[in-house]
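Enquirer: Can you read through this structure? Questions will come right after.
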Amino acid sequence: METLTGGSLTDHIALHNLSRILVGIVILSYIATLLPKRIAILGSTGSIGVNALDVIDHLGPDYQVAALSGHSQSKKLLEQIARYKPKSVAVTDPSAFAQIRKELPSPGPELYADMAEMVRRDDIDLVLAAVVGAAGLPAVFAAVETGKILALANKESLVVAGSILIPLARRHNVPILPVDSEHSAIFQAMQCGQPREIKRLILTASGGPFRNAPADKIENATLADALKHPTWQMGSKITIDSATMFNKGLELIEACWLFDLPPEQIDIVIHPESVVHSMVEFNDGNVLAQLSPPDMRTPIQYALTYPERRPSNSRKLDLTQPFSLNFHPPDPERFPALDIARDVARRGGTLGAVMNAANESAVSIFTSGKIPFGMISRAVSHTIARHAVQASPSLDDLMEADRWARKTAEAFIREN
Ligand code: MG
């Protein structure tokens with residue numbers, strides 16, 4: 001009797017073997033879902049890192065802390081090592097490294113001075129990159145090159161090197177899951193339509209502590225003023241970036257890379273309550289928003305459990321009390337960072353690296369209390385104006401642009 005496929009015996013055997021392979025793949029993928037997800041947290045002593053550990057505590061045994069990294073907070077890192085027993089730990093500050101090596105329990109985790117080297121280990125499934133600044137870049141590249149899922153909280157990686165990182169992730173078939181609350185909101189809302197149906201993204205911004213301040217008050221604001229964020233509890237660099245609105249500028253560039261859209265299709269709106277984390281407008285006029293109270297555990301957990309959703313321990317929206325949501329356009333006169341970033345997003349090349357580096361150096365000098373707040377934006381603007389843009393830079397060109405921008409911004413601040 002002929003088989004249903006009507007083929008020869010060899011066809012039949014080939015089909016039989018193929019079906020065995022397919023069943024094998026299905027069983028292996030099923031087993032993979034039963035194994036815990038092994039997570040590396042880069043920047044575990046920072047604000048995102050600490051929130052991520054809280055999320056992992058809550059999620060239970062399906063999620064395992066496989067690796068941690070910190071810079072100089074050795075006491076906090078030692079406490080985390082004792083509690084989570086990771087297989088590997090990276091410490092980037094040399095004196096903290098020496099101290100941790102002395103006090104490490106035995107047998108303890110394998111110790112690394114270089115985050116990127118640790119990330120290449122094969123006992124890691126997902127890398128949460130939560131190191132602040134361009135310093136996190138080599139480890140992000142290492143994660144992508146070795147095929148790990150990348151949960152990206154380090155927006156500087158895309159701002160500086162999006163032109164290299166995005167094609168690299170595509171080549172290695174590595175998903176980049178956004179952890180920044182705005183980009184997590186957009187990522188979630190985008191799943192209601194096709195990329196080609198998107199008309200624009202609407203990034204919300206709290207407006208920071210100087211949302212309603214007059215220009216002269218912003219110009220001379222102190223470090224204490226800049227650190228008083230009205231809605232979010234975050235690290236000091238990002239809190240100062242929220243005050244200048246360079247944070248929103250960096251996020252605009254980050255969104256261009258993550259969602260493959262030009263800056264003309266991304267608008268920014270001030271939303272003081274920080275409840276609507278961003279929106280997507282589709283071509284038929286429907287606008288989809290993601291809402292939740294300002295609590296970083298919500299976007300962190302979504303990135304860790306994606307494509308699943310799980311019950312969380314983050315703050316929930318309370319609709320039993322009256323509340324209102326407000327939106328208004330930003331004032332580019334008082335927050336020059338927005339126009340600067342839009343221009344950088346449009347022109348591309350080495351400019352993302354230059355804007356980011358000049359801002360990092362100006363913020364670090366401002367944090368030492370030596371310059372007025374208004375100097376940050378002026379130093380970034382001056383550095384960009386002096387830069388000879390390279391259109392298709394290599395990673396070395398980007399690093400060189402970064403070094404040049406830091407020097408140029410520092411010299412400008414010294415002379416003014
Ligand atoms: Mg954000």
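The values are calculated or read from the model by the stated rules, or taken from the named source; none is laboratory data. All of these numbers come straight from a predicted model, not from anything done at the bench. Quick reminder, even Gly has a Cβ in these numbers, built from the backbone with ideal geometry, and neighbours come from all protein chains shown. The protein model used for the area step is the full one, side chains on, heavy atoms only, and it has no ligands, DNA or RNA in it. Shrake-Rupley method; radii C 1.70, N 1.55, O 1.52, S 1.80 Å.
Enquirer: Counting only protein heavy atoms and a 1.4 Å probe, tell me what percentage of the chain's accessible area is made up of carbon and sulfur.
Expert: Working: 10930 of 19760 Å².
Carbon-and-sulfur percentage of accessible area, whole number: 55.
Enquirer: Find, among the trypsin sites (Lys or Arg not before Pro) in the stretch 271-332, those assigned to loop by DSSP (not H, G, I, E, B) with at most 16 other beta-carbon atoms within 10 angstrom.
Expert: Numbers: sites: R297, R309, R315, K316; in loops: R309, R315, K316.
Passing sites in the stretch 271-332 are R309, R315, K316.
Enquirer: In Å, the Kirkwood hydrodynamic radius of the stretch 295-416 over pairs of distinct alpha carbons? It would help to have the intermediate numbers written out before the result.
Expert: Details: mean 1/r = 0.0575 Å⁻¹.
The Cα-based Kirkwood calculation yields 17.4 Å.
Enquirer: Okay, next question. How many percent of Cα pairs in the stretch 182-347 exceed 18 Å?
Expert: Pairs farther apart than 18 Å: 62 percent.
Enquirer: How far apart, in nanometres, would the label points at I27 and D331 be if each is projected 7 angstrom from Cα along the Cα-to-Cβ direction?
Expert: About 6.8 nm separates the two model spin labels.
Enquirer: Sort the following peptides by mean Cβ neighbour count (other Cβ atoms within 10 Å, averaged over residues), highest first: 185-193, 216-224. Write down the numbers at each step before the final one.
Expert: Numbers: 185-193: 19.1, 216-224: 13.6.
Descending packing order for the listed peptides: 185-193, 216-224.
Enquirer: Multiplying the sequence separation of I166 and K228 by 0.36 nm and subtracting their Cα-Cα distance, what value in nm do you get?
Expert: Values: separation 62, 0.36 × 62 = 22.32 nm, distance 3.46 nm.
18.9 nm is the gain from fully extending I166 to K228.
Enquirer: For the chain, what does the accessible surface come to per residue with a 1.4 Å probe? Please give it in Å².
Expert: Details: 19760 Å² over 416 residues.
Accessible area per residue, the chain: 47 Å².
Enquirer: Can you give the FRET efficiency to the nearest 0.05 for E308 and Q265, using r as the Cβ-Cβ distance and R₀ = 35 Å?
Expert: Values: r = 30 Å, r/R0 = 0.85.
For E308 and Q265, the calculated efficiency is 0.75.
Enquirer: Can you show me the helix-derived [θ] at 222 nm for the chain, built from DSSP H runs with n ≥ 4 at -39,500 (n - 2.57) apiece and divided by the number of residues, rounded to the nearest 500. Each step should come with its number before you reach the end.
Expert: Working: 17 runs with 204 residues, N = 416.
Theoretical 222 nm ellipticity from helices: -15000 deg cm²/dmol.
Enquirer: Sorting check: for 283-294, 341-352, which peptide has the highest mean count of neighbouring beta carbons within 10 Å, and how do the rest follow?
Expert: On the way: 283-294: 14.6, 341-352: 21.1.
Going from most to least packed, we get 341-352, 283-294.
Enquirer: Okay, next question. How much length, in nm to one decimal, is gained on full extension between A113 and L317, taken as 0.36 nm per residue of separation minus their Cα-Cα distance?
Expert: Details: separation 204, 0.36 × 204 = 73.44 nm, distance 4.18 nm.
Full-extension gain reported as 69.3 nm.
Enquirer: How many percent of Cα pairs in the stretch 185-283 exceed 23 Å? Provide the component values of the computation, followed by the final result.
Expert: Working: 1511 of 4851 pairs.
I get 31 percent for the Cα pairs in the stretch 185-283 exceeding 23 Å.
Enquirer: Sticking with the crude label model, points 7 Å out along Cα→Cβ, report the distance from K75 to L291 in nm, one decimal please.
Expert: 4.3 nm
Enquirer: Check every DSSP H run in the chain and write down those whose alpha carbon atoms cover 20 angstrom or more along the long axis and whose mean Kyte-Doolittle hydropathy is -1.0 or greater. It would help to have the intermediate numbers written out before the result.
Expert: Working: long enough: 9-34 (38 Å, 1.33); 155-171 (21 Å, 0.73); 351-367 (24 Å, 0.91); 395-415 (30 Å, -0.76).
Counting only whole DSSP H runs, the qualifying helices are 9-34, 155-171, 351-367, 395-415.
Enquirer: Quickly work out the D339-to-A82 label distance, labels modelled 7 Å from Cα along the C-beta direction, and quote it in nm with one decimal.
Expert: Computed distance between label sites A82 and D339 equals 5.4 nm.
Enquirer: Further question on the same structure: With the calculation restricted to Cα positions, what are the radius of gyration and Dmax of the stretch 35-178 in angstrom?
Expert: Using the Cα atoms of the stretch 35-178, the pair Rg, Dmax is 14.2, 43 Å.
Enquirer: Over all directions, average the projected area of the Cα convex hull of the stretch 12-111 and note it in nm². Display every interim value, and only then the final one.
Expert: Details: hull surface 33.6 nm².
Result: a mean projected hull area of 8.4 nm².
Enquirer: I want the antiparallel fraction of DSSP beta bridges within the chain, as a percent rounded to 5.
Expert: Values: 11 of 40 bridges.
If we restrict to bridges inside the chain, about 30 percent are antiparallel.
Enquirer: Then there's this: Just the accessible area for R310, please: 1.4 Å probe, Å², rounded to the nearest 10?
Expert: Accessible surface of R310 is approximately 70 Å².
Enquirer: With the contact rule set at Cα under 8 Å and sequence spacing of 6 or more, what percent relative contact order holds for the stretch 182-347? Intermediate results must be reported in sequence, preceding the final value.
Expert: Details: 241 pairs, mean separation 54.3, N = 166.
Rounded, it is 33 percent for the stretch 182-347.
Enquirer: So how exposed is D318, as accessible area in Å² (1.4 Å probe, rounded to 10)?
Expert: Counting only protein heavy atoms, the figure is 80 Å².
Enquirer: How big is the chain by the Kirkwood estimate over distinct Cα pairs, in Å?
Expert: Values: mean 1/r = 0.0436 Å⁻¹.
Taking every pair of different Cα atoms in the chain, averaging 1/r and inverting gives 22.9 Å.
Enquirer: Could you tell me the relative contact order of the chain? Use alpha-carbon pairs under 8 Å, at least six residues apart, and round to a whole percent.
Expert: Values: 700 pairs, mean separation 57.6, N = 416.
The value is 14 percent.
Enquirer: What does the accessible area of T92 come to, in Å² to the nearest 10, when a probe of 1.4 Å is used?
Expert: 50 Å²
Enquirer: A further question on this structure: Using modelled backbone amide H atoms (1.01 Å from N, in-plane), which distant-in-sequence or interchain residues come within less than 5 Å of Y63's amide H?
Expert: K37
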